[in-house]
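A.B. asks: Take a look at the following structure, please.
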Amino acid sequence: MTPGCLDGVRVLELARFQAGPRGGMLLSDLGAEVIKIEPPGGEETRRHPPMVRGQSVYFSVYNRGKKSLCLDLRSAKGKEVFAALVPKADIVLENFRPGVMAAMGFAYDQLCALNPGIILVSVSGFGQYGPYRDRPAFDSLGQAMGGLMALTGQPEGHP
């Protein structure tokens, strides 16, 4: 396999659904070692159809090329293991709502205390600042708020 431009870069991915995992997928495609941190039971999209031979196509596409580690970041042991991984990483990629990382004890300054060179990539539907920052966001909500949904569906029906 041809080396990628990100060979030697290690990413800890705390992301689910599409926005964060897609970023991790692209970093992996470019040669980074991406370690997806999943909660007990696995990320929700592991169970999203369509399924082929018992595996979600959706999950497989957005998480190709990644390693996976199950950690309960709500537990002291899970936080301890994650904190031990941060000094060995170059990037932490997360797509929680703003403030969730801080609530878990992993705000940017706390990550920097573990690894001064760490890069934190935070992906959220409404950004890190502003009036909607605390709202969760999914594709359909973005379409509705942006007006795109008015262009879909049947002319005489709902979007």
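A.B. asks: Can you find even one residue in segment 91-99 that is more than 30 Å from Gly153 (Cβ to Cβ), small (Gly, Ala, Ser), touching a helix residue (DSSP H, G or I) at 6+ places or on another chain (Cβ under 9 Å) and in contact (Cβ under 8 Å) with a residue 12 or more places away in the chain? Give the derivation first.
C.D. replies: At the first step, the residues of segment 91-99 found to be more than 30 Å from Gly153 (Cβ to Cβ) are 91-94, 96, 98-99.
Keeping just the survivors that are small (Gly, Ala, Ser) gives 99.
Within this subset, residues satisfying the condition of being touching a helix residue (DSSP H, G or I) at 6+ places or on another chain (Cβ under 9 Å) are none.
Within segment 91-99 (the criterion being more than 30 Å from Gly153 (Cβ to Cβ), small (Gly, Ala, Ser), touching a helix residue (DSSP H, G or I) at 6+ places or on another chain (Cβ under 9 Å) and in contact (Cβ under 8 Å) with a residue 12 or more places away in the chain), the answer is no, since none of the residues qualifies.
A.B. asks: Continuing with the same structure: Looking at Gly157, Gly146, Gly125 in this structure, which one is modelled with pLDDT under 95, over 16 Å from Ile35 (Cβ atoms) and surrounded by 12 or more Cβ atoms within 10 Å (Cβ to Cβ)? I'd like the intermediate steps shown before the answer.
C.D. replies: Numbers: Gly157 fails: surrounded by 12 or more Cβ atoms within 10 Å (Cβ to Cβ); Gly146 fails: surrounded by 12 or more Cβ atoms within 10 Å (Cβ to Cβ).
Going through Gly157, Gly146, Gly125 in turn, the sole match is Gly125.
A.B. asks: Take the residues of segment 1-39 that are touching a Pro at 6+ places or on another chain (Cβ under 9 Å) and at pLDDT 95 or above: which is farthest from Leu73 (Cα to Cα)?
C.D. replies: Taking the candidates together, the pick is Gly31.
A.B. asks: Going through segment 42-69 one residue at a time, which ones are of a type in the set (A, V, I, L, M, F, W, C) and either surrounded by 13 or more Cβ atoms within 10 Å (Cβ to Cβ) or in a helix (DSSP H, G or I) (or both)?
C.D. replies: Passing the criteria: Met51, Val57, Phe59, Val61, Leu69.
A.B. asks: Quick check: is even one residue across segment 17-39 in contact with an Asp or Glu (Cβ under 9 Å, 6 or more places away or on another chain), farther than 16 Å from Ile119 by Cα, part of a loop (DSSP other than H, G, I, E, B) and in contact (Cβ under 8 Å) with a residue 60 or more places away in the chain?
C.D. replies: The answer is yes; a qualifying residue exists.
The values are calculated or read from the model by the stated rules, or taken from the named source; none is laboratory data. Because the structure is predicted, anything quoted here is derived from the model rather than measured. Positions of Cβ are generated from backbone atoms using ideal geometry, with glycine treated the same way; all protein chains shown enter the neighbour counts.
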